[in-house]
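S.K.: Dropping the structure in here first, questions after.
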Amino acid sequence: MIKFQNVSKTYNGNVKAVKDVSFNIEAGEFVILIGPSGCGKTSLLRMVNQLETITEGDIVLNGKSVRDFNKIEMRRKMGYVIQSNGLFPNMTIEDNVMIVPNLLGWDKVKKRQRYQYLMDLIGLNPDEYKKRYPHQLSGGQQQRIGVARALAADPPIMLMDEPFGALDPIIRTRLQDEFLQIQREVQKTILFVSHDIDEAVKMGDKIALMRHGELIQYDTPANILLHPRHEFVSEFVGEDRVLKSMSLYTVKDLLESITLDTNVSSTQQTVHEQTTLRNALSVLLSTNSQKIKVVDIEERPIGTLTIDQIEQFLQLKAGQKGA
Amino acid sequence: MSKNKTIAFTVKILFWIAIIVFFIWIFKNDLLIHVYQEPSRFLNLLTQHIIIVLISGSIAILTAIPLGIILTRTKFRKWEWLLVNIVNLGQTIPSLAVLALIMGILGIGMKSAIVGLFLFSLLPILQNTIAGIHSVDEKTLDAAKGMGLTPLQILWKVELPQASYSIFAGIRTSLVINVGTAALAYLIGGGGLGVWIFTGIQLFDNAFLLSGAVPLTILALLVDYLCKGLEFLIVPKGIRLAKQSVTNNN
């Protein structure tokens, strides 16, 4: 759906912010652009909606170069969320959320329904916030409104520039979870800039890791963590990359390849099968016994899990190319 | 905090007592006598004064705001420094000298007074328009652009509403100063309440002086209140509330 073809960006004649980047994003994919600051990830994002011009190469949307689109019309078909939300202080929450539908001249009934739907989606009461102003909301609420505003005209593509970067960790985690929930419902093609590898692993279908304007590795989170193709990748994701990769799998995933001992009588600690392996390991390490009991959604015991089995599973995964 | 409030309150009370004493003194000595003895002459001077302020003020508003908007466009930003400095220079020249210069070119009369006061009213509005538009958050502009607003829509829906508070402050300052400076119009034959004030000064006649000065002061206060009222109507509620919450937090 979005094709980056040898994209380069040069500022003021000599500063190369992006160097010859090529990769494809399929429809409905959630792609994270990540890298240290100054790696060109934001420039790359801003070239998609033409806030920055492309110096060399091309970005192709559904077979058509972004350069051939009318900038204004194209931007209205892309949701855009930035770190500091960028809400308009002079407009009410309703006007802020409905800015693009207003520009597109939607009729009143359609706009009202859309507003109700969006506010329900982000979990804020439509009537309560309708006539409020941005400065009367907390940072987390403002950022939710920013997301709703970007989704307002139901654009197929969402561009998000560190949308949760300015929030405190607790609110950030909550908004990430909420946004994943929203994405399951709306199924957008998302390009998401982040500098936080945990966020990238948690949110992305694919991760594009950049350094000094170059694309170092474009792969699934599991491959980035377990099969780094470059020294910089393993450095960037950190020495705990195996631990991080464990949050990609649940106990249920493990059950597919490893059979548990079904004798559960002697174990006390319990985890659900939807628990991530990372959390399961944490529980295992905190108990005195060597094993924990795994139960399914209806609390029926499935079997006992040991550290050895987790290790076995991870080695299995590390052995598979393209997990 | 409460100590400051007490001081502010005391000062306010003293101020009003001073005003009441002042007016008692005026009425006891019949110092506003000309206002009610020559009502038609008074109304004539007052009208002249208002016309001078109104015309010079509105032309200044109609020039300074568009000029401020143009100078904040990316294309013209490099000229901002030059123009603001030129207007600044105009403001540095004493108002009397400006009037004298203009009289030299346009001769005596109300027209010269209007031109002089127009030049004098430009700077506060221009400066506040520019400052107001510059104060709009870059990130907000970026979001507006990224969502597909045209430059004109960004100006109307984002920049001007957010700058309106500052622009109005400029208009208020400019008009209030204008009301006072318009008294100098008398010196170049422009009429207005300055006629009685300067007559009073020249004849050491308090009655003439105050018959001009008191209505002039009241006019300035009225203009100030009127601007505040307009500001309440025009500045978007969200901006007003945001400003208030900032002030309250400090």
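Only the coordinates and a few stated rules stand behind these numbers; no lab work does. Please read all numbers here as calculations on a predicted model, not as lab measurements. Counting neighbours? That spans all protein chains shown, and the Cβs are built from the backbone with ideal geometry, glycine included.
S.K.: So what is the diffusion coefficient of the range A:249-319 in µm² per second by Stokes-Einstein at 25 °C and 0.890 mPa s, using a Kirkwood Rh over Cα pairs?
M.R.: 206 µm²/s
S.K.: So for chain A, averaging the separation of alpha carbon pairs under 8 Å that are six or more residues apart and normalising by length, what relative contact order in percent results?
M.R.: Values: 563 pairs, mean separation 58.6, N = 323.
Relative contact order for chain A comes out at 18 percent.
S.K.: Now, a different point. Place the peptides B:7-19, A:18-30 in order of packing, highest mean first, counting for every residue the other Cβ atoms within 10 Å and averaging per peptide.
M.R.: For the peptides B:7-19, A:18-30, the packing ranking is A:18-30, B:7-19.
S.K.: Past the 28 Å Cα-Cα mark, which pairs from B:78/B:139; A:16/A:244; B:75/B:237?
M.R.: Distance filter (> 28 Å) returns A:16/A:244; B:75/B:237.
S.K.: Still on this model: Tell me, how many Å apart are the Cα centres for the range A:150-200 and for the range A:1-32?
M.R.: 20 Å
S.K.: Tell me the label-point distance for the pair residue B:29, residue B:139, using the 7 Å Cα-to-Cβ offset, in nm and rounded to one decimal.
M.R.: With each label placed 7 Å out from Cα toward Cβ, I get 6.1 nm.
S.K.: Further question on the same structure: Among A:86-96, A:185-195, B:32-42, A:50-60, how do they line up from the highest to the lowest mean number of other beta-carbon atoms within 10 Å?
M.R.: Those peptides, ordered most packed to least, come out A:86-96, A:185-195, A:50-60, B:32-42.
S.K.: First select every other residue whose beta carbon is under 11 angstrom from the beta carbon of residue A:30; then total the charges, Lys and Arg +1, Asp and Glu -1.
M.R.: +1
S.K.: As a test of the formula, what do you get for chain A when each DSSP H run with n ≥ 4 contributes -39,500 (n - 2.57) and the sum is divided by the residue count, at 222 nm and rounded to the nearest 500 deg cm²/dmol?
M.R.: That calculation yields -11500 deg cm²/dmol at 222 nm.
S.K.: Could you tell me what fraction of 2.2 N^0.38 Å the Cα radius of gyration of the range A:2-239 comes to, as a two-decimal ratio?
M.R.: Ratio of Cα Rg to 2.2 N^0.38 Å: 1.02.
S.K.: Could you please state, rounded to a whole Å, how far the C-alpha centre of the range A:75-132 is from the C-alpha centre of the range B:133-177?
M.R.: Their Cα centres are 20 Å away from one another.
S.K.: While we're here: Over the range A:249-319, what relative contact order in percent results from Cα pairs under 8 Å that are six or more residues apart?
M.R.: 34 percent
S.K.: Here is a follow-up. In the P(r) worked out for the range B:52-151, what percent of Cα pairs fall beyond 21 Å? Working shown, then result.
M.R.: Working: 2167 of 4950 pairs.
Tail fraction, whole percent: 44.
S.K.: Zone of residue A:198 (label point 7 Å along Cα→Cβ, backbone N under 19 Å): which residues in the range A:241-255?
M.R.: Correct set: A:241-250.
S.K.: If a helix is a whole DSSP H run, which ones in chain A reach 20 Å or further along their own axis (Cα) and hold a mean Kyte-Doolittle hydropathy of at least -1.0? Could the numbers behind the result be given before it?
M.R.: Details: long enough: A:108-122 (21 Å, -1.04); A:169-186 (25 Å, -0.48).
The answer, listed by residue number, is A:169-186.
S.K.: So, one more: When the helix-only estimate is applied to chain B (DSSP H runs of n ≥ 4, each -39,500 (n - 2.57), divided by the residue count), what is the mean residue ellipticity at 222 nm, nearest 500 deg cm²/dmol?
M.R.: Helix-only estimate at 222 nm: -27500 deg cm²/dmol.
S.K.: On a 0 to 90 degree scale, rounded to 10, what angle separates helix B:110-134 from the longest Cα axis of chain B?
M.R.: Once rounded, the angle reads 30 degrees.
S.K.: Working only with C-alpha atoms, what are the Rg and Dmax values of the protein assembly as shown, expressed in angstrom?
M.R.: 34.2, 115
S.K.: While we're on this one: Just to confirm the number: angle between the C-alpha axis of helix B:39-71 and the first principal axis of chain B, 0 to 90 degrees, nearest 10?
M.R.: 20 degrees
S.K.: First check a/c for the range B:31-249, with a ≥ b ≥ c the square roots of the eigenvalues of its C-alpha gyration tensor; if it is under 1.5, answer rounded, and if not, answer prolate when a/b is larger than b/c or oblate otherwise.
M.R.: Prolate, because a/c is 1.5 or more and a/b exceeds b/c.
S.K.: Continuing with this model, one more query. I need the calculated FRET efficiency for the pair residue B:10 and residue B:96, taking r as the beta carbon distance and R₀ as 35 Å, to the nearest 0.05.
M.R.: For R0 = 35 Å, the calculated efficiency reads 0.40.
S.K.: Mind pulling the angle between the C-alpha long axis of helix B:77-92 and the longest principal axis of chain B? Nearest 10 degrees, somewhere in 0 to 90.
M.R.: 10 degrees
S.K.: Points 7 angstrom from Cα along the Cβ direction at residue A:282 and residue A:308: gap in nanometres?
M.R.: About 2.6 nm, to one decimal.
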